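The values are calculated or read from the model by the stated rules, or taken from the named source; none is laboratory data. Every value quoted in this text rests on a predicted model; they were computed, and no experiment measured them. Cβ placement follows ideal geometry from the backbone for every residue including glycine, while neighbour counts extend to all protein chains displayed. For the accessible areas, the whole protein counts, side chains as well, though only heavy atoms, and no ligand, DNA or RNA atoms are used. Shrake-Rupley method; radii C 1.70, N 1.55, O 1.52, S 1.80 Å.
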Amino acid sequence: MSSIQILWIIWSRTCAVIGFISKAKSWCTKQKQDCTRETEEEDCLGDDFGDSWESLPQGYQLICKPSALAHWLLKDIQRLVLDPTRWWWSHWPNLQTLIQHFLPPDNPLELSRENLQLTDGGIVALDWVVGPRQSPKTRRGTNVTDNPPLLLVIPNPFGKVTRNLQHLCLLALGKGYYPVIFNRRGQNDCPLSTLRLQDFGEPGDLKEAVNYILYRHPSSMLFAVSEGLGSGLLLSYLGECGSSSYMTAVSCISPVFRCQDWFETRLPWFYKWPLLLYQKVILSRYFTALGEVVSTEKLFGSNSLQELHETLHCQCENRTVTWDSYWERNEPLRDVDEVAVPVLCICSMDDPIRGSPQTTLPIELFRTNPYFLLLLTHYGGHCGFLTESPVAWSHEVTLDYFRSITEFFRTEEKKKWFTRRRSSNLLTRRRRPTLQRQETAIYKDLEEEIFNWKRSYTR
């Protein structure tokens with residue numbers, strides 16, 4: 001038995017004991033409140049999350065606006081044989097969360113790094129995942145072998161590439177994708193060449209990175225996946241770019257939608273202090289440089305994530321803004337009406353970091369916006385969704401979702417091709433001068449349809 005396996009057994013059993021104690025304590029408290037609030041909670045869930053949990057097997061629910069794309073995806077999701085309720089840790093959200101964020105991966109990624117210099121002189125890092133590869137069998141993806149689909153991976157804003165994301169990259173690599181991890185300025189050993197860090201939801205750096213990736217692989221489809229708070233940057237990018245985002249489909253695993261409220265809400269201490277300490281350790285590398293623009297004493301003496309973030313981004317010498325005005329420009333959903341790419345959000349009801357689903361999930365957005373789909377489950381924690389391995393089942397759902405989107409696009413293109421062929425056969429029976437004039441008009445209409453067809457699949 002390897003040392004990693006021994007560490008895993010000790011860690012899982014220790015967390016199980018801690019989780020059992022906290023679970024028993026919370027159960028006793030909850031039993032006292034059920035007598036007076038049981039009816040109100042049932043009414044609230046019924047109003048927010050639909051009539052029943054039977055719409056998908058094993059306690060899933062797909063919340064979205066009815067459309068051709070939604071019906072297509074619903075059929076595909078129902079084919080997946082996933083039953084997270086049968087694993088013993090499914091009812092322990094804190095355990096699932098801690099495993100994915102603090103346990104090291106089984107196989108570390110083999111990366112090829114590129115440092116990309118931006119227009120203002122700043123640097124972001126792109127880590128191309130090149131291994132470890134699995135067996136040399138035929139790789140299957142959503143594109144031809146010569147042009148493998150690209151998978152852009154966006155970690156959380158603290159810069160940590162978790163066990164969850166590393167497993168996702170390995171699985172995607174085995175299925176024929178070419179994963180690339182986006183690292184913000186100053187994170188994951190990325191050089192900090194300017195006295196400016198990326199704001200929470202400012203997508204300028206990501207735009208330049210996407211343009212460079214597509215420049216290197218102009219014939220490949222681009223998919224994107226984000227984790228936790230990292231979804232804030234991805235959603236901001238989609239909203240600001242609209243139909244010019246160059247992405248085929250997007251998946252957000254345990255996204256946080258109302259980020260200002262999240263920073264202002266106190267996390268449990270066993271999440272708050274590790275996140276705060278990790279952020280301070282990363283920033284300590286640039287202690288001297290940051291001292292020129294912020295108060296390092298206040299920065300490294302902060303006692304909350306809100307205080308650290310506010311000091312770093314709102315109280316700089318070269319820019320002073322209020323906390324509220326900062327979030328007016330950085331909230332992920334500020335331009336949500338401009339999003340023109342299918343976005344699948346995988347969330348759990350028991351997410352201990354995001355908070356209560358009644359107050360943190362914008363259910364109305366998924367019911368009215370045809371581009372947003374919410375796969376809501378009973379259990380999973382925050383970016384957990386563990387199986388018996390422990391490997392997250394959200395990986396399989398994400399990659400199957402990308403495959404399904406690609407097949408839907410191809411089916412729509414075939415339908416248009418048959419329509420053009422049928423129109424062409426009818427036109428050959430007419431006089432040539434009339435034929436030429438009408439062909440010009442028809443092809444012009446078809447070009448407009450092809451250009452705008454992505455809008456049609458959500459109606």
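Against the test of being closer than 23 Å to LEU374 by Cβ, touching a Phe, Trp or Tyr at 6+ places or on another chain (Cβ under 9 Å), of a type in the set (A, V, I, L, M) and not in a loop (DSSP other than H, G, I, E, B), the options VAL210, VAL250, VAL256 yield a single qualifying residue, VAL250. As for segment 166-184, it holds at least one residue that is touching a strand residue (DSSP E or B) at 6+ places or on another chain (Cβ under 6 Å) and among the small types (Gly, Ala, Ser).
With respect to GLY186, is the statement that it is of a type in the set (Gly, Ala, Ser) and within 15 Å of the chain's Cα centre (by Cα) true? So GLY186 does not fit the description; no. When the test is whether a residue is of a type in the set (Phe, Trp, Tyr), within 27 Å of LEU80 (Cβ to Cβ) and either open to solvent by less than 30 Å² (accessible area, probe 1.4 Å) or in contact (Cβ under 8 Å) with a residue 12 or more places away in the chain (or both), TYR326 does not pass it.
TRP262 passes every criterion in (1) outside any loop (DSSP other than H, G, I, E, B); (2) more than 18 Å from the chain's Cα centre (by Cα); (3) farther than 30 Å from PHE408 by Cα apart from (2). If I filter segment 176-190 for residues that are open to solvent by 40 Å² or more (accessible area, probe 1.4 Å), at pLDDT below 95, on the phi < 0 side of the Ramachandran plot and not in a strand (DSSP E or B), do I get at least one hit? No, there is no match, as no residue in segment 176-190 is open to solvent by 40 Å² or more (accessible area, probe 1.4 Å), at pLDDT below 95, on the phi < 0 side of the Ramachandran plot and not in a strand (DSSP E or B). Residue-level check: of (1) open to solvent by 30 Å² or more (accessible area, probe 1.4 Å); (2) out of contact with any Phe, Trp or Tyr (no Cβ under 7 Å at 6 or more places or on another chain); (3) in a loop (DSSP other than H, G, I, E, B); (4) at pLDDT below 90, PRO105 misses just (1).
This table checks each residue for (1) of a type in the set (Asp, Glu); (2) over 23 Å from LEU267 (Cβ atoms).
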| position | (1), (2) |
| --- | --- |
| THR311 | no, no |
| GLU317 | yes, yes |
| ARG329 | no, yes |
| LEU333 | no, no |
| CYS347 | no, no |
| ASN369 | no, yes |
| PHE372 | no, yes |
| PHE402 | no, yes |
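Considering only residues in segment 243-281 that are of a type in the set (Val, Ile, Thr) and open to solvent by less than 20 Å² (accessible area, probe 1.4 Å), the one that is farthest from PHE158 (Cα to Cα) turns out to be THR248. In the set (1) open to solvent by 50 Å² or more (accessible area, probe 1.4 Å); (2) within 19 Å of the chain's Cα centre (by Cα); (3) without any contact (Cβ under 8 Å) to a residue 40 or more places away in the chain, the condition left unmet by PRO203 is number (1).
When SER284, SER356, SER295 are screened for being of a type in the set (S, T, N, Q), under 30 Å from TRP92 (Cβ atoms), without any contact (Cβ under 8 Å) to a residue 24 or more places away in the chain and open to solvent by 50 Å² or more (accessible area, probe 1.4 Å), only SER356 passes.
Among the residues of segment 229-242, those identified as closer than 20 Å to PRO342 by Cβ and either crowded, with 21+ Cβ neighbours inside 10 Å or within 11 Å of the chain's Cα centre (by Cα) (or both) are GLY230, SER231, GLY232, LEU233, LEU234, LEU235, SER236, TYR237, LEU238, GLY239.
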